[in-house]
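Everything on this sheet refers to the single structure shown next.
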């Protein structure tokens, strides 16, 4: 790599990192928070004894998991305007990613709830707890510990998936790399640089995940 390429690498690193800090990470955090809330509701619906409630959640999850995220993003940003619903790029991305996370994380949370021994429910009922109180005070805290590893993986995947938001002109990490590449015509260098930044972010998140798993592991019965 010649000197001019090195200069381009270092001068473009600032905008790309800024795109990650100001665009990619906030987009991932907002989408994950909303998606996790949706996932909890869907998981509880899937566990409902009312068949129609469970069926609604089942259909939603099936649609989300059976269609590409890119298609979901395009439906929201390019499709909804035909119905008179206009959403700006950033909110469109948040909606699409949140709905997608909700569909995938719902099954993770449902499995975590089912992993809690039934004896925990029975013990809660014996001391006079209602179903809702037993769920919030006894079951969900234990399920949360079990669901941390797969949900962490979901978040890491979401960080990488936010690159799709560049296709609807959301300014984030990959969009910044695209703009610099279009100006400099150094596509290989800039795309590899973007990949490097994504990799570093995911390494950091993986490290946090490992620490969190070790701390929670002592509270999970084996």
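The values are calculated or read from the model by the stated rules, or taken from the named source; none is laboratory data. These numbers were taken from a predicted model, which means no experiment stands behind them. Using ideal geometry, Cβ is built from the backbone for each residue, glycine included, and neighbour counts are taken over all protein chains shown.
Within the range 109-121, the set of residues being crowded, with 21+ Cβ neighbours inside 10 Å and either outside any helix (DSSP H, G or I) or within 17 Å of the chain's Cα centre (by Cα) (or both) comprises 109, 110. Exactly one residue out of 21, 56, 16, 34 is outside any loop (DSSP other than H, G, I, E, B), surrounded by fewer than 20 Cβ atoms within 10 Å (Cβ to Cβ) and touching a residue at least 12 places away in the same chain (Cβ under 8 Å): that is 34.
Scoring residue 63 on the criteria (1) touching a residue at least 40 places away in the same chain (Cβ under 8 Å); (2) not in a helix (DSSP H, G or I) leaves a single failure, condition (2).
No other residue among 48, 130, 98, 54 is under 30 Å from residue 205 (Cβ atoms) and either at pLDDT 95 or above or more than 16 Å from the chain's Cα centre (by Cα) (or both) apart from 98.
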